[in-house]
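Taking it in order: structure first as structure tokens, then the write-up.
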Amino acid sequence: MTAMTETAYSTKTKIFHWLTALLVVSIIPLGILASDAPFETDAQIATKTLLFSMHKTLGVAVFLVALARIAYALTQTKPAPLHPERRVETLLAEVVHWLLYISLVLVPLTGWIHHSAAAASAPIWIPFANHLPFIPVDPTVSDFFGGLHWLWSKVMVVSILLHFAGAMKHHVIDKDETLRRMWFGHNAYTARAQGVHRNSAMIALAIYAAVAGIGASFGILGQEKTISSPSLSTVSSEWTVHDGTIAISVTQLGNVVTGQFDDWTAAITFDENATGSVGSVETTINVGTLTLGSVSDQAMGKDFFDLVTFPIATFTADLVKLEGVYLAEGTLAIKSARVPVTLPFDLTLDADTATMVGTVSLDRRDFAIGESMADESNLGFGVDVTINLTATR
């Protein structure tokens with residue numbers, strides 16, 4: 001097997017080059033197709049998941065091959081440029097080469113971190129690859145690296161196009177050996193002086209940093225809800241809630257995704273000395289303030305909460321105490337559905353301060369949520385709701 005010298009590339013280098021090219025040429029269209037694929041029905045979700053799994057798996061393969069290729073290249077003597085006297089052209093070629101090397105590491109790595117930090121997404125078909133160590137499951141982390149992946153993938157595409165254009169220019173216009181010496185069987189060339197531009201790597205890194213900075217200035221790297229709702233007005237209540245959450249938990253693609261409503265009000269009456277019926281509660285929920293990982297906006301769609309038509313959900317209930325057990329027995333209204341719900345809860349009283357925690361399991365189908373997703377492997381039917389609050393009289 002031919003070794004790499006100042007005049008020729010080794011066979012291993014050529015294998016790395018063309019294997020990387022094949023992987024990248026496959027992964028880019030897969031990513032575009034996966035991103036643009038609809039995901040409203042079970043069949044569409046299955047197709048989109050398949051495309052993303054293929055894209056991600058090949059992405060990890062690109063990352064591993066790139067590391068091996070770079071490690072091998074560091075042990076070899078790089079062939080000299082064929083036209084060192086063309087200093088600007090040589091500099092541009094070296095910058096593009098560095099952009100490609102950086103792309104082959106950073107683009108798949110940011111995509112990998114984006115996947116690992118997401119609560120639920122299409123799986124990678126490599127057993128060890130689905131969860132990177134030290135990467136938390138956090139939508140903010142996932143969105144940040146997802147933004148970097150999107151931005152830097154554009155740098156990679158432009159670099160590939162420039163690399164291809166340069167190769168064609170040498171092959172068709174200059175008719176020199178630049179392209180031929182990267183093909184198999186062509187190994188002997190006239191030695192030329194090495195014309196290395198030491199700043200080419202720094203220029204490439206600066207381009208990457210600049211693109212990230214531009215993306216940050218446009219909010220591409222931050223978690224930003226594209227759907228918002230006006231805040232609810234305060235309500236008068238015998239008990240005032242000053243701390244609390246309404247959290248939900250769903251299962252998507254076999255992974256648990258948690259979220260919460262950030263804006264809600266509760267009008268509460270409660271008499272701890274009463275028996276049987278001890279009070280009432282009327283909770284109003286601003287549906288548009290739901291944060292649910294990377295699918296927050298999707299959850300607002302017509303087949304789900306249908307925010308445009310039904311921006312408010314309510315839970316109206318009587319509070320009862322039966323044999324020492326507290327229950328909120330009432331009706332949960334989401335969209336056009338009115339469903340009887342009983343919420344058991346624990347209550348702790350300390351003078352005029354009350355703390356309650358309650359959990360109830362619902363079926364999304366009762367509220368016509370996700371009707372197009374009849375396959376529970378895509379989106380589970382069960383939704384766990386946990387309410388905890390602290391209120392003062």
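In this structure, does Val383 turn out to be surrounded by 15 or more Cβ atoms within 10 Å (Cβ to Cβ), of a type in the set (Val, Ile, Thr) and under 32 Å from the mean Cα position of the chain (by Cα)? Judged against the criteria, Val383 is a match. Whether a residue is in a helix (DSSP H, G or I), surrounded by 15 or more Cβ atoms within 10 Å (Cβ to Cβ) and among the aromatic types (Phe, Trp, Tyr) was assessed, and Phe39 does not pass this test.
Residues in the range 124-143 that are within 17 Å of Val295 (Cβ to Cβ) and crowded, with 18+ Cβ neighbours inside 10 Å: Pro139, Ser142, Asp143.
Per-residue answers, yes or no, for (1) acidic (Asp, Glu); (2) buried (at least 18 other Cβ atoms within 10 Å of the Cβ):
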position	(1), (2)
Gln252	no, yes
Thr258	no, no
Asp263	yes, no
Asp271	yes, no
Ala299	no, yes
Ala317	no, yes
Leu332	no, yes
Asp352	yes, no
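Looking at Val241, Val256 in this structure, which one is of a type in the set (A, V, I, L, M, F, W, C), farther than 27 Å from Thr49 by Cβ and either in a strand (DSSP E or B) or at pLDDT below 90 (or both)? Spell out how you get there, then give the answer.
Details: Val256 fails: farther than 27 Å from Thr49 by Cβ.
Val241 is the lone residue from the list that is of a type in the set (A, V, I, L, M, F, W, C), farther than 27 Å from Thr49 by Cβ and either in a strand (DSSP E or B) or at pLDDT below 90 (or both).
Determine if the range 81-99 includes at least one residue that is β-branched (Val, Ile, Thr), surrounded by fewer than 14 Cβ atoms within 10 Å (Cβ to Cβ) and farther than 27 Å from Val295 by Cβ. Within the range 81-99, one or more residues are β-branched (Val, Ile, Thr), surrounded by fewer than 14 Cβ atoms within 10 Å (Cβ to Cβ) and farther than 27 Å from Val295 by Cβ.
Considering Ala201, Ala209, Ala247, which residue is surrounded by fewer than 11 Cβ atoms within 10 Å (Cβ to Cβ), modelled with pLDDT of 70 or more and of a type in the set (A, V, I, L, M, F, W, C)?
Numbers: Ala201 fails: surrounded by fewer than 11 Cβ atoms within 10 Å (Cβ to Cβ); Ala247 fails: surrounded by fewer than 11 Cβ atoms within 10 Å (Cβ to Cβ).
On inspection, the qualifying residue turns out to be Ala209.
Taken over the range 363-393, the criterion of being part of a strand (DSSP E or B) and closer than 22 Å to Asp306 by Cβ is satisfied by Asp363, Leu379, Gly382, Val383, Asp384, Val385. Is at least one residue of the range 214-235 more than 29 Å from the chain's Cα centre (by Cα), modelled with pLDDT of 80 or more and small (Gly, Ala, Ser)? Yes, that holds for at least one residue. Touching an Asp or Glu at 6+ places or on another chain (Cβ under 9 Å), in contact (Cβ under 8 Å) with a residue 24 or more places away in the chain and hydroxyl-bearing (Ser, Thr, Tyr) - does that describe any residue in the range 340-352? Among the residues of the range 340-352, not one is touching an Asp or Glu at 6+ places or on another chain (Cβ under 9 Å), in contact (Cβ under 8 Å) with a residue 24 or more places away in the chain and hydroxyl-bearing (Ser, Thr, Tyr), which makes the answer no.
The values are calculated or read from the model by the stated rules, or taken from the named source; none is laboratory data. This structure is a prediction, so every number in the text was calculated from the model and none was measured. Backbone-built Cβ (ideal geometry, glycine too); neighbour counts: all protein chains shown.
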